[in-house]
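This report concerns only the one structure given below.
Laboratory data are not the source of any read-out in this text; all were calculated from the coordinates shown. Note that the coordinates shown come from a computational prediction; the quantities given were computed from them, not determined experimentally. Cβ placement follows ideal geometry from the backbone for every residue including glycine, while neighbour counts extend to all protein chains displayed.
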Amino acid sequence: MVLKSQTQIQIKGIREGLLVTIGDGDWLEIQRLLLEQIKEKGKFFQGAKLAIDVGNRIVLAGDLGGLRDRLSDYEIALWAILSNSSVTEQTAQDLGLATKISVPIPERKISSLETTIAGDDAVFVQKTVRSGFKIATHAHVVVLGDVNPGGEIIAGGSIVVWGRCRGIVHAGADGNEKAVICALDLTPTQLRIAGLIAVSPKSKGKPQPEVASIVGGQVVAETWNLKTR
């Protein structure tokens, strides 16, 4: 999932958190636009770790330190600066910031057919979301694994957990009340859809697939029944 500002900012999820790529332009203006996006999407950015790719730009210690302090005010940690400039790279290292991140796996392009059904953007996680880990995206989230207590998922769309969901899950975080949360064992610490919060129900014995959605102004969890969907 990639977010683009109206000018020169791109934001996408990476393994370590979020990567912000900025283009040419006035540093103060770029900083202002970034902070505006953070204010608008507060839940998405809250608690995030940020890496910023400044390209060929030379950024001085005062500017980097100032941005790090502003981000800290929003509970966001600036942990890495990527740059083609050796001056900027050295400045970042002097401030204790990383200058390299994991190399992303290139996206595989698949030619679409006229008979295919149009889909939505989604983040696929093929591992257990353990305690202390957080997934935040404006897209849907599909987890092939468990969500352990202490793990957290915040999605602008729906959340599907092919396993046990026992952490904190928030679907429709951007206000989408049509979002749903599905799991093979739906016993979360906290479950939210849009602005509504549901208390985790008591265990009903043998786990069974369930789907939670907003019905009549409240969050309701029902046994998953393909015939009724």
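So here's what we get for this one:
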| item | result |
| --- | --- |
| Residues V54, V87, sorted so that the one with the fewest Cβ neighbours within 10 Å comes first | V87, V54 |
| Descending semi-axes in Å of segment 122-228, equivalent ellipsoid built from Cα gyration tensor | 18, 17, 13 |
| Listed peptides 16-24, 215-223, 126-134, 156-164 by packing density, highest first (mean Cβ within 10 Å) | 156-164, 16-24, 126-134, 215-223 |
| Net charge contributed by nearby residues that have their C-beta within less than 14 Å of N148 (K/R +1, D/E -1) | +2 |
| Violating pairs (Cα-Cα greater than 24 angstrom) within the set K43/K206; K41/K127; K12/K134 | K43/K206; K41/K127 |
| Segment 2-94 - Rg over Rh from alpha carbon coordinates, Kirkwood radius | 0.92 |
